Amino acid sequence: MTGPLSGLKVVDFSRVLAGPLCGRTLADLGADVIKIEPPRPDVSRGAVPSGSGMSGYYAQQNIGKRNISVDLNVPGASELIARLCDDADIVVENFRAGTLKFFGLDYASLSKRNPRLIYVSITGYGQGGPWASRMAYAPTVQAESGFTHHSLRHFGANLAQAQTDALSHADVYAGLQATIAVLAALAKREKTGRGQYIDVAMAAVLLSTNERAHLDIEGVDTGAEPGILGATDGPFFTGPGGERFVAAQSLVGSLTFPNYLRAMRRPDLARDPRFATPELRRQNYGELHALIQTWILTFRDLGALDAQLDESKIAIGQVRSTKELCESEWGEYWGAVRTVSDRRGGRYKLHGHPWRFSDDDLPAEPREPAFRGEHNAEVLAMMGMSDGQIREYARRGMFVADPTLSPSPPPMPPDAPVRLVQGAKAA
């Protein structure tokens, strides 16, 4: 692997989304990430669609990682995994607070053996305090943190008909904030030689990523003056070719309404009694929107409209599906999609890197997404285990592997490490 984090070792105990996204990001940046998966697999493996025994959802969050599947309840398993962490740089986990302490794999235990270890835990509400033991999923944390309140207020949905957001913002943002914290701790370790523990609470993450938190904390209602600096009031329009698009600026805000007048060459509308104040513009929103929509349809195409709006500092974005973005000229230029295959020939179209580095080459072809336990023998051999010891661990049921993997892998050179592809008993 190449990349700015090349040479770092990460042990990833996490599952589903927040933790796996953190681990996947570190892997994309070049770290060697080893995912620890229990015999009862990560539930995201069962997501749909799934073409070869592995879901695309799982592949997206775990590509680039090696995978070992270990039953920590088997005597000796916890100690073996602790040894794996002895030379690790980073541990990532997102179990309920205190779970890994039972196995002696918490920060306090591992840092005694490895003082340079950086250990990050992601939970809904943090490791301590009155809510530490609560179950937490993205929709519930979003509800507790004001996110859902904003959505309901904006869309006006009643509770009998409303549904939570389709995307797991709390998980994704928490995974990214955890990655940022890990990188900061790595920089500190360069100065001190010591690692540290990082406690990431999804609820706190949503507070930190709410650009209007200064208003919400005070309970300020912007009322008739919305969108002063916010993206919640951008109007939708139909372009000259029938395209749907959204404009980034509110039609009613005092700072943004004049931009539309400049773009339309209609300063007279500022004196129109229907549109003289933000409150009047809100009351007569339909008429104002219709005027602008009629003007938009006078352009020959969306590109010409975009150019004129750009003169007045109004950004627009066409409403595209993810597929349409990836197939656009920008998507081709950026390398927005990478197609990868798993060991059984399953193929996945996954998103590309969000960054480009001037002094690092990120791998264009990442390590294939791994089945449960696919790298058991490889990792154990890396730890100095003999073939006989590896087979004994399998016999005892300590390490298992996905039963869909072929029990007879292709022949390997005599000096290659044995790859255990199927455990002796089911989980």
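A few notes on this one:
- Here the chain has 55 percent of its accessible surface on carbon and sulfur atoms, given a 1.4 Å probe and all protein chains in place.
- Computed helical MRE - 222 nm, the chain, DSSP H runs ≥ 4 contributing -39500 (n - 2.57), nearest 500: -10000 deg cm²/dmol
- Size-normalised alpha-carbon gyration radius of the range 236-322, reference 2.2 N^0.38 Å: 1.05
- Charge-dipole axis of the range 236-322 as Lys and Arg at +1 and Asp and Glu at -1 on Cβ define it, positive-most pick from Gln283, Ala315, Ala248: Gln283
- Among beta bridges that DSSP assigns inside the chain, antiparallel share in %, nearest 5: 40
- For Val337, the residues whose amide H sits under 5 Å from its own are Gly352, ignoring neighbours fewer than 5 places away on the same chain, with H placed 1.01 Å from N.
- The residues of the chain expose, per residue, 51 Å² of accessible area to a 1.4 Å probe.
- Phi angles of the range 368-380 translate, via the Karplus equation with coefficients 6.51, -1.76, 1.60 and θ = phi - 60°, into HN-Hα couplings of 4, x, 9, 6, 4, x, 5, 10, 3, 5, 4, 6, 5 Hz per residue; Gly and Pro are given as x.
- Pairwise label distance in nanometres, Glu392 with Ala108, each label 7 Å out on the Cα-Cβ vector: 3.3
- Listed by chain and number, the lysines whose alpha-carbon sits under 21 Å from that of Lys349, ignoring those within fewer than 8 places in the same chain, are Lys65, Lys323.
- Options (1) 25.5; (2) 20.7; (3) 22.6 - which one matches mean projected area of the Cα convex hull in nm² as calculated here: (1)
- R0 of 51 Å, Cβ-Cβ distance Thr2-Asp272: FRET efficiency to nearest 0.05: 0.25
- Residue-count net charge about Tyr333 - beta-carbon cut-off 13 Å; Lys, Arg +1, Asp, Glu -1: -2
- Per-peptide packing, taken as the mean over residues of other Cβ atoms within 10 Å, places 337-349, 202-214 in the sequence 202-214, 337-349 from highest down.
- Candidate cross-link partners of Lys191 among the lysines, defined by an alpha-carbon separation under 24 Å and a same-chain spacing of 8 or more, comprise Lys9, Lys112.
- Less than 5 angstrom separates the built amide H of Leu117 from those of Gly195, all sequence-distant by 5 or more or on a different chain.
- Between Glu311, Glu79, Glu37, the GNM of the chain built on Cα springs shorter than 10 angstrom shows Glu311 fluctuating the most.
The values are calculated or read from the model by the stated rules, or taken from the named source; none is laboratory data. Quick caveat: nothing in here was measured; it's all calculated off a predicted structure. No Cβ is skipped: glycine too gets one built from the backbone with ideal geometry, and neighbour counts run over all protein chains shown. Heavy atoms of the whole protein, side chains included, go into the accessibility calculation; ligands, DNA and RNA do not. Shrake-Rupley method; radii C 1.70, N 1.55, O 1.52, S 1.80 Å.
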